[in-house]
Amino acid sequence: MQTKRNKFKEVSYFSKVPLFNRNAFLLFFILCMTMIEIIILEQIKRTEISIFLTLLIFTLTALFIKKWIISKIQFEKTPYKKLKQFIHDNKLYESEVREVGTLKNGSPKKKTIVYNSVYFSYQL
């Protein structure tokens with residue numbers, strides 16, 4: 001009999017949103033599908049096949065976007081998102097303002113740097 005292991009996910013101010021839930025991932029996927037379609041359509045001379053492939057790629061893209069939107073909605077309800085928001089709202093991190101360079105007019109350019117954060121874990 002196999003025992004189920006408890007997996008924990010750690011969340012802090014430094015935690016990144018999972019790749020599938022990022023907007024850039026969606027844009028990258030749509031760009032790739034568009035490029036694939038352009039390459040395929042340049043190779044095919046028959047109209048029926050090109051129409052079929054265009055519909056197939058549009059369908060696959062629509063299914064992917066639907067799955068991405070559903071996962072984005074579900075992600076908003078996860079403990080990960082809530083804990084990350086809790087850390088940010090309650091300022092459970094240490095930060096300081098540092099000079100990172102100078103502006104064109106000679107005044108110092110300042111940036112807030114977070115160097116320490118509380119860590120929470122939740123069970124998956």
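Data overview
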| read-out | value |
| --- | --- |
| Relative contact order, percent, the chain [alpha-carbon distance under 8 Å, six or more residues apart] | 40 percent |
| Degrees separating the helix 23-43 axis from the principal Cα axis of the chain, which is the longest one | 20 degrees |
| Max mean-square fluctuation residue, GNM over the chain, Cα-Cα springs under 10 Å, options Lys67, Lys104, Lys82 | Lys104 |
| Alpha carbon convex hull of segment 1-109, projected area averaged over orientations, nm² | 14.8 nm² |
| Summed residue charge, Cβ within 15 Å of Arg22's Cβ, Lys/Arg positive, Asp/Glu negative | +4 |
| Under-5 Å amide H pairs with Ser117, H placed in peptide plane, nonlocal only | Glu94 |
| For the chain, built as a Gaussian network whose Cα springs stay under 10 Å, the top-fluctuating residue of Tyr93, Tyr80, Tyr13 | Tyr93 |
| Net +/- balance of residues flanking Lys9 in space, Cβ distance below 13 Å, scoring K and R +1, D and E -1 | +4 |
| Exposure proxy order (Cβ contacts within 10 Å, fewest to most) of Val97, Val114, Val11 | Val97, Val114, Val11 |
| Cross-link table Lys81/Lys111; Lys16/Lys104; Lys67/Lys91; Lys16/Lys77; Lys16/Lys111, entries beyond 22 Å C-alpha to C-alpha | Lys81/Lys111; Lys16/Lys104; Lys67/Lys91 |
| Folded to 0 to 90 degrees: helix 79-89 orientation relative to the chain principal axis, Cα | 40 degrees |
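We did not get these values from a lab; they are worked out from the coordinates using the rules stated. Everything numeric in this text was worked out from a predicted model, so none of it was measured. Cβ atoms come from the backbone with ideal geometry, glycine included; neighbour counts cover every protein chain shown.
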